[in-house]
1. Got the relative contact order for region 6-74 handy, in percent, Cα pairs under 8 Å and 6 or more residues apart?
2. Counting only pairs 8 or more places apart or on different chains, how many lysine pairs in the chain have C-alpha atoms closer than 23 Å?
3. Considering only DSSP states other than H, G, I, E and B, which trypsin sites (Lys or Arg not before Pro) in region 35-66 qualify as loop sites with at most 14 other Cβ atoms within 10 Å?
4. Between Val72 and Ile38, what is the spin-label point distance in nm, taking each point 7 Å from the Cα along the Cα→C-beta axis?
5. The chain: D in µm²/s via Stokes-Einstein (Kirkwood Rh, Cα pairs, 4 °C, 1.567 mPa s)?
6. Show the residues, 5+ positions off or on another chain, whose built amide H is closer than 5 Å to the amide H of Ser37.
7. With a cap of 13 neighbouring Cβ atoms within 10 Å, and only residues DSSP puts in a loop, list the GluC sites (Glu not before Pro) found in the chain.
8. Can you give the local net charge around Ile35? Use residues other than it whose beta-carbon is closer than 13 angstrom to its beta-carbon, Lys and Arg +1, Asp and Glu -1.
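Just so you know, all these numbers are worked out from the coordinates, no wet-lab data involved. Owing to the predicted nature of the structure, the values given are computational and were not obtained by experimental measurement. Quick reminder, even Gly has a Cβ in these numbers, built from the backbone with ideal geometry, and neighbours come from all protein chains shown.
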Amino acid sequence: MKVGDRVRVKQSIIVYVNPEHRNQPFDAKGLEGEILSISQDWKGRPITPNLPVLVQFSKKFKAHFTEEELEVIQES
């Protein structure tokens with residue numbers, strides 16, 4: 001996986017940050033989006049974040065995932 005790849009959420013993941021379902025549980029399974037970033041360092045120092053992959057699904061909706069929760073559907 002790399003920045004710019006199109007991905008799909010392959011597992012049932014409940015999120016609460018979807019602007020269309022504000023503060024309500026929303027299952028992100030099946031949603032497709034584009035990888036914006038993969039966090040590996042902070043100010044030049046290596047880090048190990050729990051949810052390193054940031055995916056943008058729409059103009060207002062972004063969420064963090066692990067690589068195991070996503071599948072690549074189109075490489076950039």
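1. Working: 126 pairs, mean separation 24.6, N = 69.
For region 6-74, the relative contact order is 36 percent.
2. Going through the chain pair by pair, I get 14.
3. Lys43, Lys59, Lys60
4. The answer from the label model is 0.8 nm.
5. In µm²/s, the coefficient is 101.
6. Close amide H contacts, sequence-distant or interchain: Leu54.
7. When the GluC sites (Glu not before Pro) of the chain are filtered for loop state and at most 13 Cβ neighbours within 10 Å, Glu75 remain.
8. Numbers: positive: Lys2, Arg6, Arg8, Lys62; negative: Asp5, Glu32, Glu34, Glu67, Glu69, Glu71, Glu75.
Taking every other residue near Ile35 into account, the sum is -3.
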